[in-house]
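What follows draws every value from the coordinates through simple rules; no lab data is involved. This is a predicted model, so every value here is computed, not measured. Ideal geometry is used to build each Cβ from the backbone, glycine not excepted, and the neighbour counts take in all protein chains shown.
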Amino acid sequence: MTDEVPLLIAGILAGGFAAHWLAWRLRVPAIVFLLAGGLIAGPVTGAIDPDETFGGLLFPIVSVAVAVILFEGALGLGIEGVKLAGRAVWLLLTVGAGITLVLTTVIARVVLDVEPEVALLLAAILVVTGPTVIGPIVRTVGLRGRLGALLEAEGTLIDPIGAILTLLVFQFAFERRDGGNLLLETAETFVLGIALGLIGAIALTVALSRFLVPDQLHQLFTLAVVVGAFAVSNAVREESGLVAVTAMGIALTVQRRVTVRHVLEFNETLRILFISALFILLAARIERETLTDLEWRNIVLLAALVLVVRPLAVFVSTWPTSLRHRERWFLAATAPRGIVAAAVASVVSLRLAELGEPGSQVIISATFTVIAGTVLLSGLGARPLARRLALVDPTASGTLVILGANDFTNELATTLERHGVAVRVVDLDRRRLASARMAGIGVHRGSVFADETWEQVGFDRASAFLAATGNDELNALAGRHLAAGLGRRAVFQLVPSRQEHAAWWRLPPGTFARTVFAADATLPRLLDRLERGWRIAATRLTEQFPHEAWRGQHPEAIPLVVIDRRGQAELAALDRDRVPRAGETVVALVPPRSPS
């Protein structure tokens, strides 16, 4: 048994990586592949049995992992995200959740033919949506502004509400049955959780701002405080820990005494790790018989939730708001359930089995059917639906962001815009930006180190970033600063112009951004070529006029960008020898023609 644990952990890590890699390549939420992997490893092949391997430690581990995931979601959302979501999110969390609870209870009672208590318990579990699924969908689709914030705020805030509601229903229906004062207990749970969350946020802020904790221990200290607040809160009042970590995450974004960006990046890694492990383990717990029992009933329940319950909850709860009709339709079609629903269903199912109550496997079967179905529908259908409803700019995900307004970047941006590539130029100098704006280029004035700059530019939806200022150090720092958000693969900078800076590129690959164009394509030399009559030209390659023929006509040309058949721009990186194909457009800096 001891030997099996390292193998299981290694398998989960490998499977989690494979699922997230496939999700990245196919632009589909990773939960689809994680669920499939868990089902194959568990009920289908019987390769792993989480209960047998981890025993009584399984659900404490699950609870802590869910707490860290919720904290990361709240930290990423922040108070600004809640404000941007506006009144609509509070209506969804109250009126919408109430409608969902009542209608799901009735439908589950009729369709699944279960006892009223089991139907109510299942409905409480399915009230939640999945922030771990909604976040990637919002980023993949390119939703910005109120609608994106509304979806993420609902997903983050409904999770602790759903978990607490499930606990109260379980206690009322299966343990005490006297009901007690549920309203008072709910209020006490939220007050306690918020109070402990605020205390944890204050402790973190004070410790980090007064340098009581060295930088290398910030992430570990934060994790310890989060888990500690969760554990203490749960020990005093069960399930209040989820409220505590959510409140702590939001509170940390309100304060301005210390930056939490590096903490957020660390928690992003933990979130990916925990989500991978949890979905695989929880899916593997499903019994083989559960996959076939009540199958058609689960499909009917899923259809009712998607076609009736969610649309009705959304339209009724958002009627008094200023949401546009098409935004309501997208909101109604996007309610994927995620890790919290899976974890809560697993815990509740185990408790029902321990009490000898019927319905434990019905809850597991129905919940995982709804998770898989809603994730597939939202993950595969969100992008086409958003475009159908005209909620996103079809070219938004292909925007090239350039740091530095100068003659070279202005002409490059103008040429790319002429061929359908969206470009945004960022700079702090008003005079340089004015000349770019007069050329018809989209510009933004802001600091490279201000998060607000990149939020307003829409950096999360950019295809690539090019640092092209006249300052080598600024280019290098900008590349390193932004690589965490966009990925090193899509972050570029010009070759340093000062000779002493050439030594940078003897450091290991990935230390700085990728260099582009040519080994001598420094900004001064590029500007000098433009002054001597060179120009940036775009040439579409064909079968009759391939790349070899183009190169024969322009042997001295410096390739800058290749625009592929989909209209996506790919910068000419020095670390990749990319040969353009027929149907693609080559954008290059070409010398003036010699007089004949």
**OP:** Could I have the simple spin-label model distance between ALA47 and ILE202, label points 7 Å from Cα toward Cβ, reported in nm to one decimal?
**Re:** 5.0 nm
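Excluding the sites themselves, what is the longest stretch of the chain that contains no trypsin sites (Lys or Arg not before Pro) in a DSSP loop with at most 11 other C-beta atoms within 10 Å?
The reported range is 258-497.
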Original post:
Simple spin-label model, 7 Å along Cα-to-Cβ: ARG288 to ARG351 in nm?
Top reply: 3.1 nm
Original post:
Among [x] 1.02; [y] 1.00; [z] 0.97, which one is Rg/Rh (Cα atoms, Kirkwood Rh) computed from these coordinates?
Top reply: [x]
Original post:
What number, rounded to the nearest 500 deg cm²/dmol, is the helix-based mean residue ellipticity at 222 nm of the chain, given -39500 (n - 2.57) per DSSP H run of at least four residues and division by all its residues?
Top reply: -19000 deg cm²/dmol
Subject >> Helix 339-355 axis, angle to the chain major axis (alpha carbon atoms, nearest 10°) >> reply: 20 degrees
Original post:
For the chain, the longest stretch holding no chymotrypsin sites (Phe, Trp or Tyr not before Pro) located in a DSSP loop with at most 16 other Cβ atoms within 10 Å is which?
Top reply: 212-448
**OP:** Please give, to one decimal in nm, the separation of the simple spin-label points placed at ALA231 and ARG87, each 7 Å out from Cα toward the Cβ.
**Re:** 4.4 nm
Original post:
Which length gain, in nm to one decimal place, applies between GLU452 and ARG326 when the Cα-Cα distance is subtracted from 0.36 nm times their residue separation?
Top reply: 42.6 nm
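How much length is gained on full extension from PHE59 to ASP564, taking 0.36 nm per residue of separation minus their Cα-Cα distance? If you can, show how the numbers build up before the last one.
On the way: separation 505, 0.36 × 505 = 181.80 nm, distance 4.90 nm.
Additional length available on full extension: 176.9 nm.
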Original post:
If one takes the longest principal axis of the Cα atoms in the chain, at what angle in degrees, from 0 to 90 and to the nearest 10, does the Cα axis of helix 116-125 lie?
Top reply: 20 degrees
Original post:
What residues from segment 459-479 fall in the zone where the backbone N is under 20 Å from a label point 7 Å along the Cα-to-C-beta line of GLU531?
Top reply: 468-472
